[in-house]
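What follows is a short report on a single structure.
No lab work stands behind these numbers, since they all come straight from the coordinates. Everything quoted here is computed from the prediction, not taken from an experiment. Quick reminder, even Gly has a Cβ in these numbers, built from the backbone with ideal geometry, and neighbours come from all protein chains shown.
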Amino acid sequence: MDFEETPSKITTKEFLAVVLAGFGNELAPLTSNNGDEPCPKALLPIVNKPMLDYPLAWLEASGIRDVLLICPAPHRASVLHYINSDSSASSFPSLRIDLQAFDESENLTVGTCQLLRHFAHRIDQDFIIVPCDFIPPPSLPLSRVLNKFRTEATYDGAIATTLFFEQPKPDKTSTPEEWRSGPASTSVVWDEKSGTLLHVDTPDEIDDDPEEMALNMSLLRRYPRSKLSANLQDAHVYVCRRTVLDVLKEKPRFDSIREEFIPWLCTPQYNSRKRSKYGHILNPLHNLPSQRLALEHCTLHTGLPSAYEPQSALSSPMDEVAPTETSSLRVGVVVHRASAGYTARANTLQTYLELNRHFLSQTTYALPIDSESRSLIDPKAQITSDSMVGHTTKVGERTNIKKSVIGKHCVIGKYVRIVGCVILDHCVISDGAKLDGCILGTNTTVGVKSELSKCITQAGYEVGDGGMHCCFPYSKYLTVKH
Amino acid sequence: MPPKSSSSKEKDLTDEDEVLQAVILADSFNKRFKPLTSGKPRCLLPVCNATLLDWTFESLALAGVQEIFVVCRSYPELVKAAIRDSKWSKPSLGLKIVSIITSKETFTPGDAMRDIYTRGIITSDFVLVMGDLVSNIRIDEVVRVHKERRRTNKDAIMTMVVKPSGVVHRTRSKGESAIFVLDAETSECLHYEHVTGYPPKKHAKIPREILAEHPEIEIRNDLIDCGIDVCSVEVPSLFQDNFDYGDIRRDFVHGVLTSDLLMKSIHCYVAREGYAARVADTRSYDSVSKDILARWTFPLVPDDNHPGGHSYEHIRGNKYLAKGNSVVLSRTCKVGSNCLIGAGTHIADNANIQASVIGQRCTIEANVTLRNVYVFDDAHIGAGSVIEYSIVGSNVKVGEGSTVARGCLIGDDVILGKNAKLGEFERVSRRRDEGEADESDKEDEDEQSEDSELEEAEARQDSESITAIIGEGSNAIVWPKGPRADEEDLDEVERYNNQRLMRIGDPASDLPLEYEGTESDSDASERESDESDLEMHALSRISSATSTSAISTSTPGLNIHTLHDAAAYSEFQAEVTQSLDRAFAEGHSVDNAAVELKTLRMASNVPLRKVREAVVASIVERIEVVEGDAAAQRREISKMVGRWGPLIDKIGGVDPVETIEVLQYHCAKSARLPLFGQILAALYQDDIVEEDDIRAWHARPEAKGEGLKDTSFAENVKRCWLVGTKMIEQFNEQESSEEESGEEDSDEEEQPSKKPAAATAQAAVGKKEESSEEESSSGDDESGEDDSQDSEDDAPATKAATAAPSQPSKPASTPASTKESEEEESEGSEEEESEDDALAPSQPAASKPSASSTTPAVSAAPSAPPPVPAAHAPALVSSTAAPAQPSTQDEESSEEESESEASDKEPAQTAQSQAPPAVASSKQPVTAPSKAESEESEGSEDSEEEEESEDDAASRATEPVPQAQVSTPKASTETARPPATITTQTESVATIPAAVPRPRPGPDVVGGQPLRPQQAAWRRHSIHFGDKVLKSGTTTGEKARRVVTTAGRQMKKGILTILRRNEREKQSTR
């Protein structure tokens, strides 16, 4: 008998991870094409690791094997290259990545729901949707979400589990205001005790009634003590039962998973009409009673989401019979608090920069060990420990690097001063340049004695000699003129 | 009571406030306990054999309150006496109880608070409770928290005590609960949403703005509102400032939380320990009693701290028997658990008592079964009776073998005969003697409404069915069941179906309390969108939006306001009528009358429009109707309007458009409907309304009676509107005539078409004279003379044409179209020129309809020489086109026509329509020139070129109007068109009416020029068309024309929708 094989087989059957990689329009100009060559968002590095690495590592750590990676067709080549390259193949040995591309252009993006519908035939088990830009903290293993889903799907017929994280208060000083274009966090109603997502305030609803948020009374009746949080952000991580896809097919008008489908998916749990309409499609597990009994006596298990909460100690409850619903059709929610570790989605320039800074503050830089890389760094260069310099990057004499990430294969001249920057691979920074709080796309060239402050450059951009650019607050980006 | 521990830290607090004050609102302000409360206030009803007031005192005493003000309204003497006799007034207790008797006009807790404010008795933070509280909560702790908070935050004016319980709880009222939105950390109440049980609430609406400052909030639907508030001193003054605050929760709390100005905050104290509940209705009476018996209120339990001072023995199974061996229990009787039996009560053999409370000195005969029954003192239950889930008043005698089903309330002193059978939820009270009734009236005027209800009940007492219910020899009357007649006037909470949720023993399982099973709006939209495809998405959103708005309008507050307004208005109207009567009779000057009206308006606080309505109404109703003599009638009207008309503009605002509308609506309701046109004309003569006003009014959707239900009223409104239509036609004609005064030659050819127009004009002025169609038709020359001045202005003519079909409802236009087709045929046969012939089929649509559709009008309103001669003829218009080069001219004229018919949807058709008249004119060439002239005049102001062309048809044709040339081919192609086109045209004609009047206001809005609105509209159109055509210069013939028409149509549609929307908005804002 081969004991090693058996467990892995079981786990592979359980979940399929669907990783969605988009264009990252919010990250323009970093994601704008470099000439004809695309700069896929998924491969933008965060502290010199492609951001896709983070969710993949997260998935792998939870024991998931099958990954369906969906990326735009123009990105396919580079993503494929990344997957097959040494770095990722060696770091995720157990993942089986199925790369699928979809046709869309930068301007006409396909809704996430549509993607899911399109690839539904490739998903035949419960699945988990993960965006390519979610950077989970070590304190939040995916298994926490999966386990919640596993228990709840089994004992009371939950259909999905979502993950929300608390948005840390943005540091006003660190990033210029113009970059703060990130989506305002949504208002979410959830039950804290049972971890149930009840209502997500959608943009549509805000349009309908910008003054007031309407909550269904049956929701409040079922969950009389619910929380409404305005500072939670959707991690876009959804563990769903396979049947959810069937419902998605019934709803051809939904476009965005986050903004439309998930909010809708919350409604059948308290709306009896929808429950009866979609209950059979969602078809939650029905072998409940025994599981439930067992779980009720489990000390580790916290709180059944009973419709009728334990009465106050002061008077006995009415003799009313609690409805015996076999399945709750619940949408679970795991809430990750900011205090438990920094989390963000690198889907805006602001969070991208903040994530880089966050990781810098966590690591200490030491000069590279291998002689080749080391020889490139001039001994007279000053690199503080809260910086990071990539492989085979050349750093010139008396260059000063503070709180910055320097990518791979860069050439940094003499007397350069770099503070609080993120410099992607293959950049060339000439002598005497001064960079402050910039993000330089790949292949950016900075001329001699140029000064850049709070600039973001498109890949391949060339800053002339002695150029002075202070993009803040006048314009956001430096982009290549075609 | 022990003074509070005064640590050094709290010293200043205790210094500033040594006495903790409490206010008890000892009136319920509702009638949920009727008839138990006829004869005594609710706070004196016994709960577990102690009055509610005693329980409330006990609860407050526990909290260390030292000074209590009891605000009583009904039966204040009884309350006073009860306080005087109770143990609480013993000086040894150190409790100072002051009863405040408030006036009978105190209808709400808010009124009581204002009374408290005026008395100035509150000196510091105080506890506010209702007189029906049972609580063991440490209110002093709440007070401490409140004061603590006040030290840092002066704006925290109130702390409400709430108790977590879960959604469904027997002490949580189903009929009246609330959603509290609290800050998760500070328990600040951010939003309060009152929830009525029935009709079920669909959505809780949480204002988004609170999220800005409180990102983490809790929405709690599981709290019992204990009705204990710790208030700061300024709370009564806030009531004083806001005279409309009635209910403490729904008005005061809601008002404070939503106010942008007050900047006050209200907090909740979520009591984790302790018991607190209000006996607000019979259902909670039941549950609170049970809670007391089950010792949830400990230490307030019958065997210890009984507020009534009785002493009971607690036996296993929560049975309580009065101590002192005064209770006589038969050996075979059965007393179940959760029972309380008062002193001096006798229970006979085999009686079975379960979960019931029996008062003192009661007699329960043999074989009686009581389940969940509350029997007050001195009651006598006859042998073999069965009573369930009911409350039996004191001194009641229930005859042998009676059955009292669940939910009955039996008032004090009722005697039920033998074998009485009270059905479920019957309410009975004692029939009053004559003298007694008077007496009670005297002492209690405010029970009027109850009395009326009682009398109504008394009135139907004699039937046998009633006797069957209450048994022989009963002195009872049975109260009516079901919703009251004046249910609508009641507050939503007090309505019958909602009250069902609050009465004892009523499971109300038939009431749908969860709306999700029914048609909730979100569901509706959901379903819609489910079944529809992607395109429907937007629609469903809209529908959901509108349906939510519809819900929001049905708030109770609104109802109350409208009711209130209605009452105020009718009163006001009566006043105005009187005042005007005086003014008319005594011949006041207009100014004096106006002053009087203004004062009245201020006093009644009615909107200006109401004043206008009242004034217009009085003037109209004062006009004497003179039958059969139109001239006399006119004189009558002009006399009245001349004398009093100016008053309309002196009431505080001048809005002639509204005046017309008001007049219209009044006439539509009044017998003076036929006078509308004449009155309007009189107003016009007296410069009270101007032409533009009439046009503006005419264009409004209200004027057309849009949105009115299809009743005779709506019909009348429409009729008035039609009169207006005609008037406007006249104006048009008049104007054109001014422009072209030189034109005199009208001939037979024109006559037929003119006649109707003239007739309509007359109709507009409302001539009642019998003058007949014959007259006008026979006397062609005569009418020609009449009309001579008013030149054949094509524009108005076509206008009229388009307008006319609009007025008569559909039937009118259909005959028109059929007629047309007939005519068209005949004409077609007569046609000499093939081209014309070709055009013929299409013509009738535009030109003829006017003629034919106006005909009915003619017959309706006989013609006499109209004051403003009406010119008229679509036919004329087309005739211009006739000579020599019909096709090109057609084109031109069509251009203008289409413009002139600003409202017409299909310019192309109008173009076609001109052809036939052209034919006609070709037969009678004489007319042609005049028509040509007329065409120019109306078409646009810049008609010089055309003027030249008139004389010479050929020259005209050469004119380099590109459109004309382009479109020429079309005309010929038209020939080939099958009859089908005709039908489409007629259809289009039929559809016109709706669109016609609207564009008119457009020019005003857009151009802002003193142009005649219509002209402005034409101008814009023409420019537009010109552009279009020029651009599409390469295209020829039909194509080009189509471009023109579609462009025009679209533009018009666009304008129409914009205008419509504007109007709607205006309406709604108004």
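Annotation: amide H-H contacts under 5 Å for B:Val375 (H modelled 1.01 Å from N, sequence separation of 5 or more, or interchain): B:Val357, B:Ile358, B:Gly359, B:Val392.
Between B:Ser570 and B:Met263, the FRET efficiency from the beta-carbon distance, with R0 = 60 Å, is close to 0.90. Protection proxy ranking, highest mean first, for peptides B:109-118, B:309-318: B:109-118, B:309-318, where packing is the per-residue count of other beta-carbon atoms within 10 Å, averaged. Annotation for the stretch B:15-120: GluC sites (Glu not before Pro) lying in DSSP loop with at most 16 further Cβ atoms inside 10 Å of their Cβ are B:Glu18, B:Glu105. Between B:Asp247 and A:Glu211, what FRET efficiency follows from the Cβ-Cβ distance if R0 is 22 Å, with the result rounded to 0.05? Taking R0 as 22 Å, the efficiency between B:Asp247 and A:Glu211 is 0.45.
Report the full-extension gain for the segment A:Ala61 to A:Leu80: residue separation times 0.36 nm, less the Cα-Cα distance, to one decimal in nm.
Details: separation 19, 0.36 × 19 = 6.84 nm, distance 2.18 nm.
Here the answer is 4.7 nm.
Roughly how many Å is it from the Cα centre of the stretch A:186-240 to that of the stretch A:42-66, as a whole number? After rounding, the separation between the Cα centres reads 29 Å. May I ask you to list the residues of the stretch B:588-615 whose amide nitrogen lies under 20 Å from a point 7 Å from Cα along the Cα→beta-carbon direction of B:Gln578? Counting backbone N atoms under 20 Å from the label point, the list is B:588-589, B:592-607, B:610-615. Among the trypsin sites (Lys or Arg not before Pro) within the stretch B:125-220, which fall in a DSSP loop and have no more than 16 other Cβ atoms within 10 Å of their own Cβ? Listed in order of number, the matching sites are B:Arg138, B:Lys154.
In which sequence would A:His358, A:His199 go, from the one with the fewest C-beta neighbours within 10 Å to the one with the most?
A:His358, A:His199
Residue by residue along B:201-211, Cβ atoms of other protein chains within 10 Å of the local Cβ number 6 on average.
Counting other beta carbons within 10 Å of each Cβ, put A:Thr161, A:Thr392, A:Thr186 in order, fewest first. List each step's numbers first, then the result.
Details: A:Thr161 29, A:Thr392 16, A:Thr186 20.
Fewest-to-most Cβ neighbours within 10 Å comes out as A:Thr392, A:Thr186, A:Thr161.
Taking the alpha-carbon centroid of each part, what is the distance from the stretch A:433-469 to the stretch B:157-187 in angstrom? Centre-to-centre (Cα) distance: 59 Å.
Sort A:219-226, B:579-586 by the packing proxy (mean of other Cβ within 10 Å over each peptide's residues), most packed first.
Numbers: A:219-226: 23.4, B:579-586: 14.9.
My ranking of the peptides, most packed first, is A:219-226, B:579-586.
Placing a label point 7 Å from the Cα of B:Glu690 along the Cα-to-Cβ direction, the residues of the stretch B:647-663 whose backbone N falls under 11 Å from that point are B:656. Each of B:Asp27, A:Asp103 was scored by other Cβ atoms within 10 Å of its Cβ. Arranged with the fewest first, they read A:Asp103, B:Asp27. Taking amide H as placed 1.01 Å from N in the peptide plane, the amide H of A:Leu99 sits under 5 Å from that of A:Leu69, each at least 5 places away or on another chain.
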